[in-house]
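The values are calculated or read from the model by the stated rules, or taken from the named source; none is laboratory data. Being a predicted model, the structure only gives us computed values, none of them experimental. Note that we place each Cβ from the backbone using ideal geometry, even for glycine, and neighbour counts take in every protein chain shown.
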Amino acid sequence: MLPVTKVLMLITDVAFVAYFTVTGLGLIPPEWAFNGYSDPVMADWNWSFLWIDLAASATGLASLHLLRRRSASGPGLMLISLVLTMASGLMAIAFWTLRGDFSPAWWLPNLYLMLFPIPAIVCLARSRPAGIPSEA
């Protein structure tokens with residue numbers, strides 16, 4: 001596995017939890033918030049990401065722990081986490097695209113979420129579990 005992926009996963013998974021903690025406490029300054037942040041529908045849209053982001057964090061942090069212990073279930077859990085992370089970024093980019101709203105402050109983090117998992121997803125998808133012949 002790419003060592004940089006593990007570092008990026010750790011940073012991302014902790015950042016997901018930190019983002020929703022900061023958001024829940026109302027600590028994001030209005031000038032840093034996305035367009036329409038105070039609109040209740042937009043707030044609901046933002047909070048709709050809580051479950052996918054926390055699932056990505058939980059599976060990601062668990063996979064990193066399992067990989068350190070050389071557990072065979074680590075790579076599978078890592079793949080789940082990376083796919084959830086990529087889906088979260090893709091959903092946000094799709095939304096901002098549909099709205100025609102381009103703000104680098106919100107696009108760049110979501111492009112990162114969408115793109116950084118790709119090399120590791122490809123690597124994990126190409127590997128096959130031990131004991132399974134290549135013809136299977």
* To do: Can you work out which of the residues in the stretch 1-46 that are at pLDDT 95 or above and small (Gly, Ala, Ser) is farthest from Ile80 (Cα to Cα)?
  => Ala18
* To do: Kindly indicate whether Ser81 is at pLDDT 90 or above, surrounded by fewer than 17 Cβ atoms within 10 Å (Cβ to Cβ), within 25 Å of Ile121 (Cβ to Cβ) and of a type in the set (S, T, N, Q).
  => no
* **Asp53 part of a helix (DSSP H, G or I) and farther than 28 Å from Cys123 by Cβ** => no
* Asked: For Ser57, are the conditions met, namely being under 13 Å from Lys6 (Cα atoms) and in contact with a Phe, Trp or Tyr (Cβ under 8 Å, 6 or more places away or on another chain)?
  -> yes
* Structure fact -> Leu27 fails exactly one of (1) among the aliphatic types (A, V, I, L, M); (2) touching a residue at least 60 places away in the same chain (Cβ under 8 Å); (3) not in a helix (DSSP H, G or I), namely (2)
* **One residue from Val14, Val41, Val4 being closer than 30 Å to Pro75 by Cα and either in contact with a Lys or Arg (Cβ under 8 Å, 6 or more places away or on another chain) or loosely packed, with under 12 Cβ neighbours inside 10 Å (or both)** => Val4
* Asked: Would you say Val122 is of a type in the set (A, V, I, L, M), over 24 Å from Lys6 (Cβ atoms) and out of contact with any strand residue (DSSP E or B) (no Cβ under 9 Å at 6 or more places or on another chain)?
  -> no
* **Filter result (in a helix (DSSP H, G or I), surrounded by 13 or more Cβ atoms within 10 Å (Cβ to Cβ) and more than 11 Å from the chain's Cα centre (by Cα)) within the stretch 96-116** => Trp96, Trp106, Trp107
* To do: Could you check how many residues of the stretch 68-78 are touching a helix residue (DSSP H, G or I) at 6+ places or on another chain (Cβ under 9 Å) and either assigned to a loop (DSSP other than H, G, I, E, B) or surrounded by fewer than 17 Cβ atoms within 10 Å (Cβ to Cβ) (or both)?
  => 5
